[in-house]
Each structure stands twice: as C-alpha cells, then as structure tokens.
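A.B. asks: The structure that follows is given in the form of structure tokens.
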Amino acid sequence: MKKLVCLILLALIAVTVNAQDVLKGSVREVGTDNKLSDVFIRDTNSKEVTLTGKDGSFQIKTATGHILIFSAPGYLTDTLYVIDMKPKKVVEMKSMSIDLREVTISGKEAFDPQKEYPEVYEKSKVYVMSPSTWFSKEGKDARRLKKFFANEAQQRHIDEVYTKAYVGSIVPLKGKQLEIFMTLYRPTYAFLKDNNGPSLVAFINDSYKKYMALPPEKRVLPSLTMQ
C-alpha cells in the first residue's frame with residue numbers, strides 16, 4: 001500500500017513539474033484589443049520556438065530565468081524575462097510607424113531553420129503506422145512552424161533582391177515615401193523566382209506609375225490585420 005501511495009505521489013509530482021515547464025499567455029497590440037496571430041516566439045536559452053494562434057494565445061516550454069523574444073512583421077520586437085510560470089501573461093507589441101517587413105527569426109545571417117531547429121522538422125513528420133503523429137498538438141504545431149519557416153525563407157529571398165538601394169535607383173522616391181511604395185508594391189516570391197532582372201525593373205516601373213496615379217490620401221500603408 002505504501003508503495004502504491006509513493007507511486008501516486010511521484011506521478012503527481014511529475015505532472016506538476018511538467019505543467020510548470022509550460023508558460024501560457026497571449027499577445028496583443030499595445031493600447032488595443034487586437035490579438036496578434038503568427039507572432040514568432042523564441043526562447044533564447046533553450047531555442048524552444050512557437051507561434052501564437054489565431055486568438056493571439058501561446059504556450060511554450062520554458063523556465064524561470066529564461067528570455068523570450070516576440071517578433072512579427074510590422075511590430076517592434078519585444079522581450080519577456082520569465083520570472084514565474086503563472087498563466088495568462090499578456091504581452092503587448094507596439095506597431096511600427098513604417099510597415100516594412102522586419103526579419104523575424106535571427107537577424108541577417110544565413111537562415112537555415114532545419115539546422116537551427118531540427119526538432120521542429122522531426123516532430124512535423126507524419127508516419128502512416130502512427131496515428132498519433134497525424135493528430136497530436138505537438139505534431140500540428142511543428143508542421144505550422146515548418147510552414148512559417150518556409151515562408152520566412154521566401155521573404156528573406158525577396159528582401160535580398162528587393163532592397164531600398166535597388167528600388168531607389170529606379171524610382172525617384174526617398175525616405176518614407178520609398179518605404180511606403182516598397183510595402184504597397186512588394187513582389188511575390190513566385191514572381192522573383194520565375195522572372196529575371198529586366199522583368200523586375202519593368203515591375204517596379206509599372207508599380208511606380210500605379211503609385212503616382214493614386215490620390216495622395218491613398219499613398220499610405222494599409223492597416224495591419226493579424227487577428
């Protein structure tokens with residue numbers, strides 16, 4: 001009987017410890033009720049990563065003393081120092097005045113998510129003889145992160161080609177107006193992949209004509225929609 005009680009206590013302790021390893025909360029835009037989805041969250045200590053859901057909620061394995069980085073295009077990167085594991089933490093992110101894409105993973109160095117986050121790709125695998133890999137939350141989250149990384153790689157390729165220096169050498173725009181123009185008329189990855197340099201020049205020139213045809217009040221950035 002004593003052995004049974006000890007086993008139960010050990011099991012309860014294990015469950016409690018595991019529960020304490022997961023931090024839950026939500027992300028929203030500062031000063032509003034706008035809940036932000038697809039915010040990339042990275043634990044700088046353990047390299048654990050996750051994304052916020054459609055309702056802005058998140059949960060990530062971490063520990064007290066760790067630092068979490070929250071980043072999303074159009075918003076200033078925010079940092080959370082984990083002082084406890086209490087749930088319902090709300091992180092507020094401030095929108096940027098200029099909505100140019102901000103690299104969200106780890107700066108401008110070569111981006112190789114499979115090398116940096118191999119556990120994500122391992123967990124994303126689906127095995128025919130293992131139904132748990134089809135429906136588990138861990139597997140679904142990993143596949144969502146895998147898609148996020150693929151999109152990030154494409155966006156970085158666009159950033160490498162569609163630069164301020166390059167676009168500014170083609171159209172007579174500078175400063176804020178150049179940034180607005182580049183945001184409103186950003187080429188897709190598919191376009192850049194299937195077209196050469198002269199085609200991109202033609203795209204920029206055609207886009208500039210459309211931009212100049214807009215009334216002044218339309219030459220502004222679109223509202224962020226990340227709900």
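A.B. asks: Within segment 40-81, count every residue that is open to solvent by less than 30 Å² (accessible area, probe 1.4 Å), assigned to a loop (DSSP other than H, G, I, E, B) and closer than 12 Å to G25 by Cα.
C.D. replies: 3
A.B. asks: Report whether or not G197 is modelled with pLDDT under 95, more than 26 Å from Q154 (Cβ to Cβ) and not charged (D, E, K, R). If you could, list the steps in order and put the result at the bottom.
C.D. replies: Details: modelled with pLDDT under 95: yes; more than 26 Å from Q154 (Cβ to Cβ): no; not charged (D, E, K, R): yes.
Against the criterion (modelled with pLDDT under 95, more than 26 Å from Q154 (Cβ to Cβ) and not charged (D, E, K, R)), G197 does not qualify.
A.B. asks: Now a separate question. Within segment 133-163, how many residues are among the acidic types (D, E), within 16 Å of the chain's Cα centre (by Cα) and over 30 Å from M182 (Cα atoms)? Working first, answer last.
C.D. replies: Filtering segment 133-163 for residues among the acidic types (D, E) gives 138, 141, 152, 159-160.
Subsequent filtering for residues that are within 16 Å of the chain's Cα centre (by Cα) retains 141, 152, 159.
The next check asks that each one be over 30 Å from M182 (Cα atoms); those that pass are 141.
Qualifying residue count for the region: 1.
A.B. asks: In this structure, is S130 open to solvent by less than 40 Å² (accessible area, probe 1.4 Å) and at pLDDT below 90? Walk me through it before giving the result.
C.D. replies: Details: open to solvent by less than 40 Å² (accessible area, probe 1.4 Å): yes; at pLDDT below 90: yes.
Judged against the criteria, S130 is a match.
A.B. asks: Take A142 and tell me if it is part of a helix (DSSP H, G or I) and surrounded by 16 or more Cβ atoms within 10 Å (Cβ to Cβ).
C.D. replies: Working: part of a helix (DSSP H, G or I): yes; surrounded by 16 or more Cβ atoms within 10 Å (Cβ to Cβ): yes.
The answer is yes for A142.
A.B. asks: I would also like to ask the following. Would a scan of segment 96-103 turn up a residue that is at pLDDT 85 or above and out of contact with any Ser or Thr (no Cβ under 7 Å at 6 or more places or on another chain)? Reasoning before the result, please.
C.D. replies: To start, the set of residues in segment 96-103 that are at pLDDT 85 or above comprises none.
The answer is no, given that none of the residues of segment 96-103 is at pLDDT 85 or above and out of contact with any Ser or Thr (no Cβ under 7 Å at 6 or more places or on another chain).
A.B. asks: In segment 164-177, what count of residues is obtained for those that are open to solvent by 30 Å² or more (accessible area, probe 1.4 Å) and either under 13 Å from G197 (Cα atoms) or touching a Cys at 6+ places or on another chain (Cβ under 6 Å) (or both)?
C.D. replies: Qualifying residue count for the region: 2.
A.B. asks: Going through segment 168-227 one residue at a time, which ones are acidic (D, E) and touching a residue at least 60 places away in the same chain (Cβ under 8 Å)? Quick ask: steps written out before the conclusion?
C.D. replies: Narrowing segment 168-227 to residues acidic (D, E): 179, 194, 206, 217.
Of everything in segment 168-227, just one residue is acidic (D, E) and touching a residue at least 60 places away in the same chain (Cβ under 8 Å), namely E179.
A.B. asks: Report yes if G139 is at pLDDT 90 or above and small (G, A, S), otherwise no. Reasoning before the result, please.
C.D. replies: Numbers: at pLDDT 90 or above: no; small (G, A, S): yes.
So G139 fails the test.
The values are calculated or read from the model by the stated rules, or taken from the named source; none is laboratory data. Being a predicted model, the structure only gives us computed values, none of them experimental. Neighbour counts are summed over all protein chains in view; Cβ atoms, including those assigned to glycine, are modelled from backbone coordinates with ideal geometry. Protein only, heavy atoms only, side chains kept; ligands, DNA and RNA dropped before computing areas. Shrake-Rupley method; radii C 1.70, N 1.55, O 1.52, S 1.80 Å.
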